[in-house]
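Asker: Questions regarding the structure given below will be posed in turn.
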Amino acid sequence: MTEISVEIVDTKLADEAASLVETLVADQVASKITAQDPTLWGPDAESESAIRLSWVT
């Protein structure tokens, strides 16, 4: 497993990013992308995303 570290020096931006990262982790976005899960983009985009996720293989 690769670990990535990023430092954001702008305090306001860092607070906003931290909140977004927490949401992305809680929603397992990275795992769903690597699993080619088309439900990540919602029901309206599911059929299209199912054919466009092949780039993650």
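Asker: Here is a check on your reading of the model: is residue 7 part of a helix (DSSP H, G or I) and open to solvent by 80 Å² or more (accessible area, probe 1.4 Å)?
Answerer: When the stated conditions are applied, residue 7 does not pass them.
Asker: Assuming residue 50 fulfils every condition listed in (1) loosely packed, with under 12 Cβ neighbours inside 10 Å; (2) modelled with pLDDT of 85 or more apart from one, which condition is it?
Answerer: Result: residue 50 passes all but (1).
Asker: Let me ask something else. Cβ-Cβ below 8 Å, separation at least six or inter-chain, first residue in region 31-57 and closer than 21 Å to residue 21 by Cα and without any contact (Cβ under 8 Å) to a residue 60 or more places away in the chain, second of a type in the set (A, V, I, L, M) and surrounded by 15 or more Cβ atoms within 10 Å (Cβ to Cβ): which pairs?
Answerer: 32/40; 33/40; 33/53; 36/53; 37/53; 38/53
Asker: Next question. Which of (1) modelled with pLDDT under 90; (2) surrounded by 10 or more Cβ atoms within 10 Å (Cβ to Cβ) is the odd one out, the single condition residue 35 does not satisfy?
Answerer: (1)
The values are calculated or read from the model by the stated rules, or taken from the named source; none is laboratory data. In this text the structure is predicted, and so the values were computed from the model without any measurement. Using ideal geometry, Cβ is built from the backbone for each residue, glycine included, and neighbour counts are taken over all protein chains shown. For accessibility, only protein heavy atoms count, side chains too; no ligands or nucleic acids. Shrake-Rupley method; radii C 1.70, N 1.55, O 1.52, S 1.80 Å.
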